[in-house]
Number of protein chains: 2
Amino acid sequence: MNQALWLIIACGALSIVYGVWAIQSVMASDAGNERMREIAGAIQEGAQAYLTRQYTTIAIAGVVIFIIVALLLGLPVAVGFAVGAVLSGAAGFTGMLVSVRANVRTAQAASNSLAAGLSIAFRSGAVTGMLVAGLALLAVSVYFLVLTRYMGLEPSSRTVIDALVALGFGASLISIFARLGGGIFTKGADVGGDLVGKVEAGIPEDDPRNPATIADNVGDNVGDCAGMAADLFETYAVTVVATMVLASIYFSGAELLMPMMVYPLAIGAVCVITSIAGTFFVRLGASQSIMGALYKAVIATGILSLIGLWPVTALIVGMDTPLTAGEASFTGWSLYLCGIVGLAVTALIIVITEYYTGTNFRPVRSVASASITGHGTNVIQGLAISLEATALPALVIIAGIVVANGLAGLFGIAIAVTTMLALAGLVVALDAFGPVTDNAGGIAEMADLPEDVRNTTDALDAVGNTTKAVTKGYAIGSAGLGALVLFAAYTEDLKFFTANAEAFPYFADVGEVTFALSNPYVVVGLFLGGLLPFLFGGIAMTAVGRAGGKIVEEVRRQFKEKPGIMEGKERPDYTRAVDLLTRAAIKEMIVPSMLPVLSPIVVYFVVDLIAGKNAAFSTVGAMLLGVIVTGLFVAISMTAGGGAWDNAKKYIEDGNYGGKGSEAHKAAVTGDTVGDPYKDTAGPAVNPMIKITNIVALLLLAVLAHNSM
Amino acid sequence: MNQALWLIIACGALSIVYGVWAIQSVMASDAGNERMREIAGAIQEGAQAYLTRQYTTIAIAGVVIFIIVALLLGLPVAVGFAVGAVLSGAAGFTGMLVSVRANVRTAQAASNSLAAGLSIAFRSGAVTGMLVAGLALLAVSVYFLVLTRYMGLEPSSRTVIDALVALGFGASLISIFARLGGGIFTKGADVGGDLVGKVEAGIPEDDPRNPATIADNVGDNVGDCAGMAADLFETYAVTVVATMVLASIYFSGAELLMPMMVYPLAIGAVCVITSIAGTFFVRLGASQSIMGALYKAVIATGILSLIGLWPVTALIVGMDTPLTAGEASFTGWSLYLCGIVGLAVTALIIVITEYYTGTNFRPVRSVASASITGHGTNVIQGLAISLEATALPALVIIAGIVVANGLAGLFGIAIAVTTMLALAGLVVALDAFGPVTDNAGGIAEMADLPEDVRNTTDALDAVGNTTKAVTKGYAIGSAGLGALVLFAAYTEDLKFFTANAEAFPYFADVGEVTFALSNPYVVVGLFLGGLLPFLFGGIAMTAVGRAGGKIVEEVRRQFKEKPGIMEGKERPDYTRAVDLLTRAAIKEMIVPSMLPVLSPIVVYFVVDLIAGKNAAFSTVGAMLLGVIVTGLFVAISMTAGGGAWDNAKKYIEDGNYGGKGSEAHKAAVTGDTVGDPYKDTAGPAVNPMIKITNIVALLLLAVLAHNSM
């Protein structure tokens, strides 16, 4: 199995090689005229300044947590935390560095052709995608190798498990900060800039006279690129870790233990290669359909993965090897089929999300047509679509659970979700070109490039809205499917500790913990978990409103103090807007990020005080499922609804229902503004929030066990 | 115990007597000038026409279901269904009849003083309130008496239990139709009328030139009065029935069986009296605070109930009687304390809802202040508040569960929620004056009464918005607390059938059904249940948008064909708008109403096909909790958010942030429009939807058992 691990690490390394190659290829292309480079420079500077500050703040929190983890659970576990955190940050930061350089090159290329623009934008997105998947795979596999081979620990020992879980925690913590901080920054700029620019001053989006316009472009990079990368990094890492933990529990002591723990990593490795291969299939057909070009990559990657998973399963597990995990009996063949379930769920979520957020289908068009009768009906229809859009993805996830469970029980579900996440490289690549084209459009506008450049980038951007929604639906969908896996890790850990109470005396008086719905504390836990996404969403929305309000005031002040700005004679002070948002976003991200970290701990100790340890463990366990039961729907509704609003505006701007400047367009702008914090701040942050709640609960168990020895 | 039952029936009858007296007292007051009476006549006619048509449609569905129930479960059960359905309809219809006569009298009285207006409006609301509580109490207690005494059935026999459950089902079915149909009617009129009137034609709300204005006033009566009455009737009936069913299970065969089944009815009886007494405490103080006047009634009723529950518990249960229900051991004293928990939960929900929807507090003011920067920020802030507003009520419900469970286990929770609902008479009275004053304002506007009459009715209406949100929060809160009770009824029934499989052969091969969260089918059930409120909400919102769109077209057509309308020379055709909405509302209410009825049945048989009976019962059981876990938050967020938007508009109209006609006001109107279907259609209909899902599941068990004998 050591050879297999080295091969896996080589696949991870390959993604870095691909990244370096793709970066060079992007950088080699024409960076446009001086004005364009100047604008891009301002965006680069702002993005770098913000991210440096954000990661510095997170680093301070991280060091504190590192010390706490080291004291409570030992150094190897704390190092796991650091590995997850640092590599997650690295993936986001590098992605952003490429993205802020690709934007101007995309704008330049788009003046040649749609295909050229798509090519550069997509390649830049692919850098982020492959780094996310590759670094996450490397983080887990290298540290696992170090722990088991060089430190000589048993693969199923508590230290290895705790260290892996802590790695996931590190990634999750970065992710929630990055998602929220980036989300508040980008949507504060967007909402505030639009309000004061489009609505008050009557100047178009991305007009260089608007002092918030650079901040808006910075936001695309720190929110939609770096924030998203951190989110998917953690989703990937946590899923793989949870599957490995489950394998360590189910196959502890068995000969197959090591292969079963390596298997999820191997799935990740093969899919890194198929994803890289898939990126070369992105090609505009005769129809010039951008979504069609992207679908080619998805289909190619899917088919290649389907083929590639076969030998991997045969070599590592063996197709006919009889396996037993918990109450389920199955073979390697069943696990291969579970992998296919994961691929199918991914494909269906992509198709469903395209339906709900694409401009060609009923939902977006119904929002656009509701704009004719005004702001109110636009928002009502958008909310209706956002609520409705949850049903089909939920049914797909439910079907995935039922089928995978039928094939190989809980472990089958874990393999399905691991395979789903193994495609993260490609999915992120599909998404990360969005902010690049959005920026390219902004640069085209500010640098006064010809109208058709903007049209090209707008077409790319509309597809970007859909793929952004896809990524979010995919991330939260995997969380839905993975909920059972994380919950199983919690219950199995708990079982282990209570069964070995002589070693872990804290658990001596716990007794058997039940998670039956007839236990009132289970219902209490479901409600407590259920309220987190709502409260969290409320706080995040308020934060965006507040940050947007500050931008409105700042822009108004600049317009008042420098009347030359509106006449185009004076240059607005872009930096101030960026600085102001930086401070606001960093400040606003702290409280909501702490909510999921502290909730399981507070709930545990409060319930323990009232009703004892047994009830407290039941409550926290049920809370882990409660947070996903509401979180899944809240997140999907917000991200799909926001995408629909955005594209309904784009649909009208394409000349429908009166086009730009009509009353319908104004109503659609309102819907887009409402959708902004929905889809880019509150909605996507729900996914890391769910994960953190789960992982903190696992760590809480570890801490209680460790410190009672 | 028969004496006790007769006393309970007498208390129920007393509420009818109160109703008759209050009706006479309302009717005796001045009905205003001829123009006012003419307008009121049109509203009466429209409301009566709509309700007749709605109830005719429901009656057709009802007769079909009656026959199905009779065939599947026998005549006594079908009669239970009919009793629930007919009395629920009667409460709503009578309430509406009074309401459409009190509106014009309130307008007339408001021209004298605020106190006089409040007095008539409140008394008319109290009629609806007392009829709801009284008729629900009578329905359950009389039919229970008939079944046990005159038909000689054992109180814990299957027929009695099934008949009581069917009574709840009848009430629920009426309720969901009435909530949805009424909600679509009222908000279709409101949204459509506002859009075309306020926004397009630039005429004020309730302007007689707007052809939708009578329909809008009709809507208040059929939606907020009749619909709400049916909703609370079912909440009351289902809660009492579920508690009685639980008593019959826990105390089956015990000497205390009959007293324990009568005890919930006795709680209802004493609280009818305290509620009636409470209505006499509504009095404007020197501060002229309307909310203050209503609080006096709440406090008086609360204290009187606190006192009154003591002798009732002592006489029926005995304070020191040792009791055992399931695993919990307690005394009558514990049950009394559970009653206090119910009162406390009610009080806290009222206070929290007032905080989130009252014009004096941060939330509404933050929405109002966000209106300054435009439509988008108003909606964002409203959504943020709506999400945030779920946290405190959920915590109160959680605390209620924990405390009541600690006192007397599941049966304690049932008693707490029964006591909570026992106050329905007063809570409905607080709410039902809202539509009356809303109508009074409309009549004042249309009949050209002096400005200060409108100001008086507006002040009453603003408080009405808060009390409306209170009632909805209270209904859904009780559903949250009652979820465990309904779920327990399901599991205990299931246990009973599987344990007696020789009598019920269908259950012979089921085995032990588990509801542990580690069972994948339980998670599947939670997700399936969780998606219902979202899908349902989406459909309901779309329906309102569609109905509103039709009104916009109709009004535009009338303005075009009769240019004299806008000049005040020609009379608009009010009836056509009412007819059009009637057809639209009846048509649109069918599909969403069937969703919760069919879901448990379809899910059961589909899962049975895939994975067998055991998995199917687990899935359906978990679904019952899933629907409440998301439904609680969806409903509270919608009703509180909608209330906040509405009152933010009112706050601006009071002269803040530029007052009427300002840009902030326009943004606030948008928020109000968005909040309309949120708070008056989708949100409140979630409560009956949850109940129906639960009750259909119980009936499904009964049918499977009955027809396998």
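The values are calculated or read from the model by the stated rules, or taken from the named source; none is laboratory data. If you're wondering where the values come from, they're calculated on a predicted model, not measured in any experiment. Quick reminder, even Gly has a Cβ in these numbers, built from the backbone with ideal geometry, and neighbours come from all protein chains shown. These accessible areas exclude ligands, DNA and RNA; they are computed on the full protein's heavy atoms, side chains included. Shrake-Rupley method; radii C 1.70, N 1.55, O 1.52, S 1.80 Å.
Identify all residues within the range A:542-553 that are open to solvent by 10 Å² or more (accessible area, probe 1.4 Å), more than 28 Å from B:VAL396 (Cβ to Cβ) and touching a residue at least 60 places away in the same chain (Cβ under 8 Å); write none if there are none. If the condition is that a residue be open to solvent by 10 Å² or more (accessible area, probe 1.4 Å), more than 28 Å from B:VAL396 (Cβ to Cβ) and touching a residue at least 60 places away in the same chain (Cβ under 8 Å), then A:GLY549, A:LYS550 are the ones that fit.
Here B:GLY92 qualifies as closer than 22 Å to B:GLN48 by Cα, open to solvent by less than 10 Å² (accessible area, probe 1.4 Å) and touching a residue at least 60 places away in the same chain (Cβ under 8 Å). With the structure loaded, tell me whether A:PHE633 is in contact with a helix residue (DSSP H, G or I) (Cβ under 9 Å, 6 or more places away or on another chain), among the aromatic types (Phe, Trp, Tyr) and under 30 Å from A:THR353 (Cα atoms) or whether it fails that test. Yes, satisfied. Among the residues of this structure, B:ALA269 counts as one that is of a type in the set (A, V, I, L, M, F, W, C), closer than 13 Å to B:ILE316 by Cβ and in a helix (DSSP H, G or I).
Quick one: would you say B:VAL544 is modelled with pLDDT of 90 or more and more than 10 Å from chain A (Cβ to nearest Cβ)? So B:VAL544 does not fit the description; no.
Of the residues contained in the range A:377-386, none is found to be part of a helix (DSSP H, G or I), more than 18 Å from the chain's Cα centre (by Cα), among the β-branched types (Val, Ile, Thr) and more than 14 Å from every other protein chain (Cβ to nearest Cβ). So, in the range B:515-526, of the ones that are surrounded by fewer than 24 Cβ atoms within 10 Å (Cβ to Cβ) and at the interface with chain A (Cβ under 7 Å from one of its Cβ atoms), which residue ends up farthest from A:ILE628 (Cα to Cα)? The qualifying residue farthest from A:ILE628 (Cα to Cα) is B:ALA516.
Give the residue that is nearest to B:LEU528 (Cα to Cα), with candidates limited to residues of the range B:616-627 that are among the hydrophobic types (A, V, I, L, M, F, W, C) and either without any contact (Cβ under 8 Å) to a residue 24 or more places away in the chain or more than 9 Å from chain A (Cβ to nearest Cβ) (or both). Out of the qualifying residues, it is B:MET623.
May I ask you to verify whether B:ALA479 is in a helix (DSSP H, G or I) and touching a helix residue (DSSP H, G or I) at 6+ places or on another chain (Cβ under 8 Å)? Steps first, please.
Values: in a helix (DSSP H, G or I): yes; touching a helix residue (DSSP H, G or I) at 6+ places or on another chain (Cβ under 8 Å): yes.
So B:ALA479 passes the test.
Which residue is most open to solvent (accessible area, probe 1.4 Å), if the candidates are limited to the range A:281-292 and must be outside any helix (DSSP H, G or I) and free of Cβ contacts under 8 Å to residues at least 12 places away in the same chain? Only one residue fits best here, namely A:ALA286. Checked against the criterion of being within 24 Å of B:ASN707 (Cα to Cα), at pLDDT 90 or above and not in a helix (DSSP H, G or I), the candidates B:LEU147, B:LEU167, B:LEU153 yield just one match: B:LEU153. Kindly indicate whether A:VAL218 is β-branched (Val, Ile, Thr), in contact with a Gly (Cβ under 8 Å, 6 or more places away or on another chain), farther than 15 Å from A:LYS472 by Cβ and within 14 Å of another protein chain (Cβ to nearest Cβ). Spelling it out, it is not the case that A:VAL218 is β-branched (Val, Ile, Thr), in contact with a Gly (Cβ under 8 Å, 6 or more places away or on another chain), farther than 15 Å from A:LYS472 by Cβ and within 14 Å of another protein chain (Cβ to nearest Cβ). Taking (1) in contact with a Pro (Cβ under 8 Å, 6 or more places away or on another chain); (2) in a helix (DSSP H, G or I) in turn, A:TYR295 satisfies each apart from (1). Selection of the range A:414-438 for residues being open to solvent by less than 10 Å² (accessible area, probe 1.4 Å) and touching an Asp or Glu at 6+ places or on another chain (Cβ under 9 Å) yields A:ASP431, A:ALA432, A:GLY434, A:PRO435, A:VAL436, A:THR437. When the residues of the range B:1-55 are narrowed to those that are surrounded by fewer than 16 Cβ atoms within 10 Å (Cβ to Cβ) and among the acidic types (Asp, Glu), which ends up farthest from B:GLY84 (Cα to Cα)? Looking at residues that are surrounded by fewer than 16 Cβ atoms within 10 Å (Cβ to Cβ) and among the acidic types (Asp, Glu), I get B:GLU34.
The residues in the range A:597-629 that are under 17 Å from B:SER518 (Cβ atoms) and either out of contact with any Phe, Trp or Tyr (no Cβ under 9 Å at 6 or more places or on another chain) or surrounded by 24 or more Cβ atoms within 10 Å (Cβ to Cβ) (or both) can be counted, and the count is 13.
Scan the range A:497-514 for residues that are away from every other protein chain (no Cβ under 11 Å) and either in a helix (DSSP H, G or I) or aliphatic (A, V, I, L, M) (or both) and jot them down. If the condition is that a residue be away from every other protein chain (no Cβ under 11 Å) and either in a helix (DSSP H, G or I) or aliphatic (A, V, I, L, M) (or both), then A:PHE497, A:THR498, A:ALA499, A:ALA501, A:ALA503, A:PRO505, A:TYR506, A:PHE507, A:ALA508, A:VAL510 are the ones that fit. Applying the set (1) in contact with a Lys or Arg (Cβ under 7 Å, 6 or more places away or on another chain); (2) open to solvent by 10 Å² or more (accessible area, probe 1.4 Å) to B:ARG101 leaves exactly one unmet item: (1). Can you find even one residue in the range A:474-486 that is within 11 Å of another protein chain (Cβ to nearest Cβ), touching a Gly at 6+ places or on another chain (Cβ under 6 Å), at pLDDT 90 or above and under 17 Å from A:VAL627 (Cα atoms)? No, the range A:474-486 contains no residue that is within 11 Å of another protein chain (Cβ to nearest Cβ), touching a Gly at 6+ places or on another chain (Cβ under 6 Å), at pLDDT 90 or above and under 17 Å from A:VAL627 (Cα atoms). Screening the candidates A:ILE120, A:ILE203 for the property of being buried (at least 22 other Cβ atoms within 10 Å of the Cβ) and of a type in the set (Val, Ile, Thr) yields one hit, A:ILE120. Here A:VAL341 does not qualify as under 30 Å from B:LYS187 (Cα atoms), within 14 Å of chain B (Cβ to nearest Cβ) and surrounded by 24 or more Cβ atoms within 10 Å (Cβ to Cβ).
When you check B:LEU449 against the structure, is it in a loop (DSSP other than H, G, I, E, B) and open to solvent by 10 Å² or more (accessible area, probe 1.4 Å), yes or no? Yes. Considering each residue of the range A:554-574 in turn, at least one proves to be within 14 Å of chain B (Cβ to nearest Cβ), modelled with pLDDT under 95, open to solvent by 20 Å² or more (accessible area, probe 1.4 Å) and part of a helix (DSSP H, G or I). Among residues of the range A:116-143 that are under 16 Å from A:ALA91 (Cβ atoms) and in a helix (DSSP H, G or I), none has a beta-carbon under 8 Å from a residue that is acidic (Asp, Glu) and open to solvent by 10 Å² or more (accessible area, probe 1.4 Å) at least six positions away or on a different chain.
Looking only at residues in the range A:575-592 that are within 22 Å of the chain's Cα centre (by Cα) and of a type in the set (D, E, K, R), the one that is surrounded by the most Cβ atoms within 10 Å (Cβ to Cβ) is A:GLU588. Look through the range B:640-669, keep the residues that are among the polar types (S, T, N, Q) and open to solvent by 10 Å² or more (accessible area, probe 1.4 Å), and return whichever of them is nearest to A:LEU535 (Cα to Cα). This residue is B:ASN656.
With the requirement that a residue be open to solvent by less than 10 Å² (accessible area, probe 1.4 Å) and within 7 Å of another protein chain (Cβ to nearest Cβ), what does the range B:532-541 give you? Listed by number, the residues that qualify are B:PHE534, B:GLY537, B:GLY538, B:MET541.
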